[in-house]
1. If a residue has to be of a type outside the set (F, W, Y) and surrounded by 20 or more Cβ atoms within 10 Å (Cβ to Cβ) to count, how many in the stretch A:138-160 make the cut?
2. Of the residues B:F238, B:F276, which single one is at pLDDT below 75, in a helix (DSSP H, G or I) and in contact with a helix residue (DSSP H, G or I) (Cβ under 7 Å, 6 or more places away or on another chain)?
3. Considering only residues that are more than 14 Å from every other protein chain (Cβ to nearest Cβ) and part of a loop (DSSP other than H, G, I, E, B), look in the stretch B:205-232 and name the one that is nearest to A:F179 (Cα to Cα).
4. Starting from residues that are within 14 Å of another protein chain (Cβ to nearest Cβ) and small (G, A, S), keep the ones in the stretch B:175-204 and report whichever is nearest to B:L98 (Cα to Cα).
5. Any residue in the stretch A:199-216 that is in contact with a Phe, Trp or Tyr (Cβ under 8 Å, 6 or more places away or on another chain) and of a type outside the set (A, V, I, L, M)?
6. Which numbered condition in (1) within 17 Å of the chain's Cα centre (by Cα); (2) surrounded by fewer than 16 Cβ atoms within 10 Å (Cβ to Cβ) is the only one that A:N245 fails?
7. Among B:W69, B:W27, B:W33, which is farther than 22 Å from A:P134 by Cβ, surrounded by 12 or more Cβ atoms within 10 Å (Cβ to Cβ), away from chain A (no Cβ under 12 Å) and modelled with pLDDT of 80 or more?
Amino acid sequence: MNEMARLQKRRLALYGWMLAAPALALMSLFAFYPAIATFWHSLFSRGTSRRPSVFAGFENYGDLFADPTFWTVATNNLIYAGVTIPVSIIFALVMALWANAHIPARSFVRSAYFTPTILPMIAAANLWLFFYTPDLGVIDQITGFFGASPTNWLGQPETALASVIIVTIWKEAGFFMIFYLAALQTIPPDLREAARIEGAGRWTYTRRVLLPLLMPTTIFVFVNAMINSVKLIDHLFILTKGGPNNASKLILYWIWEMAFAYFDSPHAAAMTILVLLALGLVAVAQFRLVEKRTHYR
Amino acid sequence: MKTDTVSANTTLKLPDLDKVLDTLGAWVLAIVWISPLLFAAWAALQPSGTALGLDFSNPLTFENFVYVWGAVPWGGYFTNTVVLVTLILAGQLVLCTLAGFAFARFEFKGRDTVFILILLQLFILPEVLIVENYAIVSKLGLFDTALGIGLPYMASAFGIFLLRQAFKSVPIELEEAARIEGCSWMGVLWKVYVPAAKPVYLAYALVSIATHWNNFLWPLIVTNSPETRPLTVGLSLFGAPETGVDISVISAATIMTIAPLLMAFLIFQRQFIQAFLRAGIR
């Protein structure tokens, strides 16, 4: 009897592994193995036809740190994250509050906020070209009306990164709005009534009741926004190509450029590892946060 | 405290002021948000070369669309995207269903460790591993094929996670009932779990389609012929400013590429938003 049960248990375990195996195999091939291989390759020098690549230890990492482009790109990406994350979240929250309020034409408002989310980043960039074109673009037409001189928004270092940032916020705010909208719908309306009876104004209600209740959503959105600040770089290909003079270059674009435009994969690999380390820290931080709240079983 | 009471009183007396401001704010933001799309749609209908003048007196024309359609094999790109998106979705559905089932209903040694590894993959983005994945896909002889673009996305951690959650919430009694009727494990999965998780499947499918319809960087890297290139890559090659194509033409091409998904969105708006809602809730 006992023997039977043990056999049965082993059979089930085997069955479980078999079911998970295809997914695990593919995941190992395209996520785990490449992560390790990237690290391995980042330790070798770039080979040429005359000089084969040799083990170089952490030399590639040293090269990166010594390269001023690295610091420019890292700073750019920090600014990119530092601006897009909070601004998108604030926009998303405001949008959700409005899209949840009883206002006329609410479904139009909702779709207007959400539409950018379903466009490819490449298409979004094309749409925004129309705004940024110097002299003839929509922005310059408007500022020109008030007597300002035309600005080459994408072509000068002072404004290129900001222009790219605006497109990202435009693209992702509506997506994050959806999560807030979902959370808002789970908050009972009695709370607002109760707050009103207690004499709390609208702002007090938002700050003291709504925001704390939305905290789990904010954490979720925050993590997503953080991942996006690494991932969303497609528009650079259309808008600035990282220029002028690296002013709007972001890390992932730089990795692509090193690997596929300059064929310098060892340095691209080293940079990839640095990004993975950063993402790993984010992952660990989120798991700990989630564990504290046991959001899921 | 006093100011709070006053503001509460005013909202009681003038309930509409807040609402008017809200409505105004919401509308202005909505118009600002949609304006890039509206401008592009309008520019696409302007005679080539005149769009940037913001001259509203020009007659509307479809010549840009005609020109764009003739200049690039869009039909091919469109087919490629559809094939790619279908292939990825089919792969994801099969693999994630099996794995999700395994993690939801089977006990095996190392299960929890493996599951954490899978969650970790939510953060190891395929986009970041382009260098190594490019080498792997080339070695497998899949460079410039739909399978080569799709394969890295098929074992989706997100999909496994979602389906595991969905399967876990199915009452075990249903499974036992099916058992008594003589169903095998596959029978149980197919007859009990899959139907119960239908809304999650729908949500996941929509998110997957939208994501991969719009994906760009990876397809850019692993394709180099019009026979496999998806729409986004085709659009980026066409729209590059240095090709000297003017804004009306770029707008026409952009509108044309986004039209299918945009139209689907407008028709299925409610389901679409619901789908995103479901898929996002962890």
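The values are calculated or read from the model by the stated rules, or taken from the named source; none is laboratory data. The structure displayed is predicted, hence computed values, not measured ones. Note that we place each Cβ from the backbone using ideal geometry, even for glycine, and neighbour counts take in every protein chain shown.
1. The total comes to 3.
2. It is B:F276.
3. Filtering first and then ranking leaves B:T228.
4. B:G187
5. Checked against the condition, which is being in contact with a Phe, Trp or Tyr (Cβ under 8 Å, 6 or more places away or on another chain) and of a type outside the set (A, V, I, L, M), the stretch A:199-216 yields no hits at all.
6. It is condition (1) that A:N245 fails.
7. B:W69
Let's see how each residue does on (1) surrounded by 17 or more Cβ atoms within 10 Å (Cβ to Cβ); (2) within 29 Å of A:V209 (Cβ to Cβ):
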{"residue": "A:G47", "(1), (2)": "no, no"}
{"residue": "A:F58", "(1), (2)": "no, no"}
{"residue": "A:I79", "(1), (2)": "no, no"}
{"residue": "A:P86", "(1), (2)": "no, yes"}
{"residue": "A:N100", "(1), (2)": "yes, yes"}
{"residue": "A:A112", "(1), (2)": "yes, yes"}
